[in-house]
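I have placed the structure first, in the form of structure tokens, so that the comments after it can refer back to it.
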Amino acid sequence: MIKTLLLAGGASLLAAGAVQAADLPRRQAPPPVFTPVPVFTWTGFYAGFNAGYAWSERRRETVTAFDIPQIPTADYLAALGTGAGRGESGGFTGGAQIGYNIQFTPGSGFVFGIEADAAYTDLQRRRAASATIVGFPGFPGANDVNLDSATRSELSFLGTVRGRVGYAFDRFLIYGTGGFAYGQTQYSSVLTIGTTLGGFASGPTASISGGYDRIQTGYAYGGGIEYALPTDNFLNFFRSSAVTLKVEYLHFDLGRRSVIGAYDIIPASGTPVPATVTRVRTEGDLVRAGINYKFGTY
């Protein structure tokens, strides 16, 4: 009997303990950790490279004065056309750029920046013209006067320092740009004057030559679009905070310059005398693609 009571009491205690254990609070699993995705911003320093095509349809030379007593200006201009030369030229351009952007509202919003670049340009143009003034009495004993004109112009490099203003749609940016431009320009011209005596050419009688090689300044303006790739793309060789790709158009104008052409007798018989004044203008356009590596703020 006592044994039975002991067994019954033990079973009761075990049952009571199980009930109490069931009533104890269970340990809760920790909540998942939330990691916010950073919002992209265009703010930061960047550097990169560009390449494209440059062309010019408005690089022109215009003779504004002609002073050789034996050949009146009207006869000279009539022989060589209008006295103005205009020609197309185009070629490769490639270089590098650096800049800094500020975006006040990360994500979408206005972007302000400044950019400087320098690029090689393969813009060269040559022009040649020949004409004969028939029955011209200006040179003693000459029946005709032969004119041979050759000009060459070149823009070997172009640099700009420009402001940029755009609007970003997250990783997509559209912008306008404008500012200072400079470039290395060269120009040369040679006009050779010959005579015909009794139907036979007597060779060159005189020449007019002039030119310059200098850096000219002006302005540039244009616009473009730019897109920021994800940070872990295969182009991110420098582990930058972003890699951006852009396409832009620029128009540049380096202004006008007057070139004095000196007149000299062949063979030389004294100090050359200024005989022509030519106005030379250098302007053109370019379209290029570029890649930038952005450093700094994400």
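Just give me the residues in segment 278-298 being under 20 Å from Gln103 (Cα atoms) and buried (at least 22 other Cβ atoms within 10 Å of the Cβ), in sequence order.
Asn292, Lys294
Within segment 228-252, how many residues turn out to be in a loop (DSSP other than H, G, I, E, B) and of a type outside the set (Asp, Glu)?
Result for segment 228-252: 11.
Among the residues of segment 25-54, what is the count of those that are surrounded by fewer than 10 Cβ atoms within 10 Å (Cβ to Cβ), modelled with pLDDT of 65 or more and either assigned to a strand (DSSP E or B) or of a type in the set (Val, Ile, Thr) (or both)?
Residues meeting the conditions: 0.
With (1) modelled with pLDDT of 90 or more; (2) more than 19 Å from Ile68 (Cβ to Cβ); (3) not basic (Lys, Arg) as the list, and Gly211 as the residue in question, which single condition is left unmet?
The one condition Gly211 does not meet is (2).
Which members of segment 205-251 meet the condition of being surrounded by fewer than 15 Cβ atoms within 10 Å (Cβ to Cβ) and more than 26 Å from Tyr46 (Cβ to Cβ)?
Within segment 205-251, Tyr212, Asp213, Arg214, Ile215 meet the criteria.
Could you tell me whether segment 107-129 includes any residue that is touching a helix residue (DSSP H, G or I) at 6+ places or on another chain (Cβ under 8 Å), buried (at least 16 other Cβ atoms within 10 Å of the Cβ) and not basic (Lys, Arg)?
Looking through segment 107-129, none of the residues is touching a helix residue (DSSP H, G or I) at 6+ places or on another chain (Cβ under 8 Å), buried (at least 16 other Cβ atoms within 10 Å of the Cβ) and not basic (Lys, Arg).
When you go through (1) at pLDDT 90 or above; (2) crowded, with 20+ Cβ neighbours inside 10 Å; (3) touching a Gly at 6+ places or on another chain (Cβ under 6 Å) one by one for Ala275, which number turns out not to apply?
(1)
If I filter segment 174-183 for residues that are under 22 Å from Val39 (Cα atoms) and at pLDDT 85 or above, do I get at least one hit?
yes
The values are calculated or read from the model by the stated rules, or taken from the named source; none is laboratory data. What you see is a predicted model; the values in this text were computed from it and never measured. Glycine gets a Cβ as well: all are built from the backbone with ideal geometry, and neighbour counts include every protein chain shown.
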